[in-house]
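Trainee: Sending over a structure as structure tokens; questions will come in a sec.
The numbers here are math on the coordinates, done by the rules we state, and not lab data. All of these numbers come straight from a predicted model, not from anything done at the bench. When we count neighbours, we look across all protein chains shown, and the Cβ atoms used for this are built from the backbone with ideal geometry, even at glycine.
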Amino acid sequence: MDIAEVAARSGLPASTLRYYEEKGLIASAGRRGLRRVFGAGVLERLALVALGRAAGFSLAEIGAMFTADGKLAIDRTLLTARADELDHTIRKLTVLRDGLRHAAACPAASHLECPRFRRILARAGQAPRAGAGLICMPDPHA
């Protein structure tokens with residue numbers, strides 16, 4: 001299939017496909033006139049690249065997941081480490097979301113009068129500590 005068809009089916013612009021080819025993530029099978037032609041497996045390869053990008057891997061890291069002959073050789077330890085990083089990010093974002101929801105619904109006349117909001121504010125200015133979140137347990141007096 002030519003580059004225009006790959007672009008249409010993958011949703012990626014031709015410029016991205018050319019860049020991925022330059023980086024060794026995909027390979028064209030030749031040319032039809034001035035257009036690059038790709039084999040049927042290119043869409044699956046692009047799906048793997050998209051999955052890697054969504055998981056936060058760099059293009060270099062994704063490229064290293066393929067052998068010289070184009071087969072998949074994923075480092076499972078790397079996947080586990082990335083999953084752990086995602087878990088950490090999810091926890092941080094969950095705490096942030098909960099803090100925003102509290103601030104939005106806080107019944108205090110001023111957020112600065114709310115003990116829970118003041119804890120959120122104090123923690124926002126601190127360097128992160130292992131296990132520290134933005135929000136403590138709800139203040140029973142709030």
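Trainee: Summarise the long-distance tail of P(r) for segment 74-127 by giving the % of C-alpha pairs beyond 18 Å.
Mentor: That tail contains 49 percent of the Cα-Cα pairs.
Trainee: Say each of residue 12 and residue 64 gets a label point 7 Å from the Cα, pointing the same way as Cα to Cβ; how far apart are those two points in nm?
Mentor: 2.0
Trainee: Which ³J(HN,Hα) values in Hz, rounded to whole numbers, follow from the phi angles of segment 77-83 under the Karplus curve 6.51 cos²θ - 1.76 cosθ + 1.60, where θ = phi - 60° and Gly and Pro get x?
Mentor: So the J values, rounded to whole Hz, are 5, 5, 4, 5, 4, 5, 4.
Trainee: Sticking with this one: Please quote Rg/Rh for the chain to two decimal places, taking the Kirkwood radius as Rh and restricting both calculations to Cα atoms.
Mentor: 1.24
Trainee: Moving on to the next point. Over the chain, what is the relative contact order in whole percent, taking alpha-carbon pairs under 8 Å and six or more residues apart?
Mentor: It comes to 14 percent, rounded to a whole number.
Trainee: I'd like the FRET efficiency for residue 54 and residue 111, computed as 1/(1 + (r/R0)^6) with the beta carbon distance as r and R0 of 41 Å, rounded to 0.05.
Mentor: After rounding, the FRET efficiency stands at 0.70.
Trainee: Going out from 0 in 10 Å bins, what whole percent of all Cα-Cα distances in segment 3-63 drops into each bin?
Mentor: All Cα pairs considered, the percentages come to 23, 60, 16, 2.
Trainee: I would also like to ask the following. Most mobile of 18, 123, 82 per a Gaussian network model of the chain (Cα springs, under 10 Å)?
Mentor: 123
Trainee: Each residue of segment 50-57 in order: what ³J(HN,Hα) in whole Hz does its phi give by Karplus 6.51 cos²θ - 1.76 cosθ + 1.60, θ = phi - 60°, with x for Gly and Pro?
Mentor: Computed from phi, the couplings for segment 50-57 are 4, 5, x, 5, 4, 7, x, 7 Hz.
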